[in-house]
Each structure stands twice: as C-alpha cells, then as structure tokens.
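Working notes, beginning with the structure itself.
The values are calculated or read from the model by the stated rules, or taken from the named source; none is laboratory data. Quick caveat, the model's predicted, so the values are computed rather than measured. Cβ coordinates were reconstructed from backbone atoms using ideal geometry, including for glycine residues, and neighbour counts include every protein chain displayed.
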Amino acid sequence: MANTYSAAQIIGKTLYAFQDINLKRDPSDSGKTVFTVKQGQPVGIVYSYLMPKEGRSNLYWVFKDANGREYYAEHKTGLFDFKALQGQGAKDTETIIKEQQEAAQPAREFWSNKALQLGALVLVAYLLKEPIKNMLK
C-alpha cells in the first residue's frame, strides 16, 4: 500500500524524480516544458503548491531556482519518489493520525496498556527461565 502524504508535509522537502519529469515556468496544463529532470535526480526543494483549477487539472509543486524564479512540476501518480521523504522527516497521513490518537489517549488507558505489556514480558521470562538454564549448562 502506498503512503499518502499531505502537501503540508512535503513543503520544505526535496522531491526526487521516479520517472523523467517535465518542468514548466507556467503552472498550467498548456504550459511549455522548459526542462526535464531525469529519473533519480532531485527536482528541487518544494516551496509551495498550487491546487487544481480551470486550466490546471492536477496539483502543481512550486520550486524556486538559484535566481529565485519559480518553476513548476505537475503532480501525477508515479512521477516522484516519495520514499525519500521519510528520510527528510516527512510523515505520512497514517502515521500522523496514529500519533494524534496516541497523544489523545487517556493516561489511565496508556498506563494500563503498559502494565499489560510488562506483565506479558514477566510471564514470558518466567516461562523461559528453566529452558534457558538448561541451555546454559
């Protein structure tokens, strides 16, 4: 299953091309390609994003070149290597939801779960005590 990231998690991260990616100066479907990033190469650090609207059928990632001029890459499934995002600290939506649920968990429930885990650990240690003694002899 593919991880899903919110656009907010991607801002400030470097996107890498999973396939060749066309870059444009005009963020529209009819915009002319000015450069193509080859597979495996960095596309750039995401500065912002633009939502779909008339003339723009998909989300576009916004980058800035060395001169501060914006350039754009259309987001389509399979174009970007999103595995590289985890190494940059990005969290997928599923991880964020799980962390929020754990943070909202009442203290009593949290410590109850920890006590159950500790109890299971003690039980396993007790059950394995004799076999481990016999193995060491």
Test for Thr36: is it at pLDDT 95 or above and among the β-branched types (Val, Ile, Thr): yes
Selection from segment 66-86 of residues that are among the hydrophobic types (A, V, I, L, M, F, W, C) and not in a helix (DSSP H, G or I): Ala66, Ala73, Leu79, Phe80, Phe82
The lone exception for Phe63 - which of (1) assigned to a helix (DSSP H, G or I); (2) modelled with pLDDT of 95 or more; (3) of a type in the set (A, V, I, L, M, F, W, C) it fails: (1)
Count - residues of segment 47-56 that are free of Cβ contacts under 8 Å to residues at least 24 places away in the same chain and part of a loop (DSSP other than H, G, I, E, B): 3
Condition met for Lys137 (out of contact with any helix residue (DSSP H, G or I) (no Cβ under 7 Å at 6 or more places or on another chain), over 29 Å from Val46 (Cα atoms), at pLDDT below 75 and surrounded by fewer than 10 Cβ atoms within 10 Å (Cβ to Cβ)): yes
For Tyr16: the one exception among (1) under 17 Å from Gly78 (Cβ atoms); (2) over 13 Å from the mean Cα position of the chain (by Cα): (2)
Matching residues, segment 32-46, being over 16 Å from Tyr5 (Cα atoms) and assigned to a loop (DSSP other than H, G, I, E, B): Lys32, Lys38, Gln39, Gly40, Gln41
Count - residues of segment 12-31 that are closer than 25 Å to Gly87 by Cα and assigned to a strand (DSSP E or B): 7
